[in-house]
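Below is one structure, written out as structure tokens; the observations come after it.
Bear in mind these aren't lab numbers, they're just calculated from the coordinates by the rules spelled out. Worth saying up front: this structure is predicted, and the values here are computed from it rather than measured. Neighbour counts run over all protein chains shown; Cβ positions are idealised from the backbone, glycine included.
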Amino acid sequence: MPPLLSKLLTFIPPPKMPSSTTISAASATKPRLRGVVFDMDGTLTVPVIDFAAMYREVLGEDEYIEVKKKNASGIDILHHIESWSSDKQKKAYEVIAEFEKKGMDNLKIMPGALDLYGYLESRNIRRGLITRNVKAAVDLFHQRFGMTFCPALSREYRPYKPDPAPLLHICSVWQVQPNEVMMIGDSLKDDVACGKRAGAFACLLDETGRYSSPEYSTVEHKPDYEVTSLAEVHKLLEANFDLTP
């Protein structure tokens with residue numbers, strides 16, 4: 001047989017298709033996600049509390065300006081007033097409660113929250129909540145919108161965000177590791193700090209892009225992910241995590 005014809009008749013095996021083992025190994029490179037913990041005000045609900053006005057009323061204009069200068073990521077009003085006298089604290093909490101009541105009166109679900117909740121439920125991914133608001137606001141949220149987050153920790157649970165304790169408590173209840181959980185919220189100083197300090201993934205909801213300002217470039221705790229809408233979270237989770245229950 002001529003050499004050229006011999007070469008043409010040489011069997012060329014078909015290309016190998018990746019085995020299921022190979023595919024599984026590839027998906028295994030993604031970190032596993034077994035639970036998502038949400039902030040409430042400004043994350044699951046539309047932001048309606050005027051925090052700047054609240055801080056001004058609690059602190060007074062001069063102290064507000066001074067404290068704001070010293071805290072690039074935002075004012076932790078609850079922590080700030082802990083060192084005050086009991087009478088002064090009482091008045092401060094009355095102001096805070098009044099602003100929170102107005103927020104409860106105007107409570108609205110954040111666009112994309114219901115769809116994201118349904119998606120997580122369909123994938124058997126646990127759903128928890130941590131807020132610095134009061135338990136009454138959490139109860140109203142559950143009642144009004146028909147979603148259940150468990151555990152749902154309000155500020156009656158101490159210490160509250162940005163301390164990692166509430167997130168670590170939820171991980172313990174769920175019997176999962178912090179690196180199998182994501183914290184989603186709209187605050188660098190509370191939500192992202194809580195998540196990162198606990199050893200969890202942190203996703204910042206920044207609807208307006210305010211955290212892209214240079215004043216936030218030096219904050220200690222930065223998010224692993226950023227979204228401008230809860231509607232973006234679904235694809236983010238599928239692209240970056242193993243969502244096997």
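Things worth noting here:
- Zone of I109's modelled label, taken as backbone nitrogen in segment 138-162 under 20 Å from a point 7 Å along Cα→Cβ: 138-153
- Computed from the alpha carbon atoms alone, the convex hull of segment 170-225 holds 68 Å³ per residue.
- Taking the number of Cβ atoms within 10 Å of each Cβ as an exposure proxy, the fewest-first ranking of W84, W174 is W84, W174.
- For the pair segment 151-198 and segment 40-113, the centres of their Cα atoms are 20 angstrom apart.
- Phi to ³J(HN,Hα) by Karplus 6.51 cos²θ - 1.76 cosθ + 1.60 over segment 220-235, Hz, x for Gly, Pro: 5, 10, 10, x, 6, 9, 9, 9, 9, 7, 5, 5, 7, 5, 3, 5
- Phi-based couplings in Hz for segment 75-86 (Karplus 6.51, -1.76, 1.60; Gly and Pro marked x): 8, 9, 5, 5, 5, 4, 8, 4, 8, 6, 5, 4
- Annotation: the residues T29, T131, sorted from fewest to most other C-beta atoms within 10 Å of their own C-beta, follow the order T29, T131.
- Scanning residues 5 or more positions from R32 or on other chains, those with amide H under 5 Å from its amide H are D242, with H placed 1.01 Å from N in the peptide plane.
- Computed P(r) (all Cα pairs; the chain; 10 Å bins; percent): 7, 28, 32, 16, 6, 4, 4, 2, 2, 1, 0
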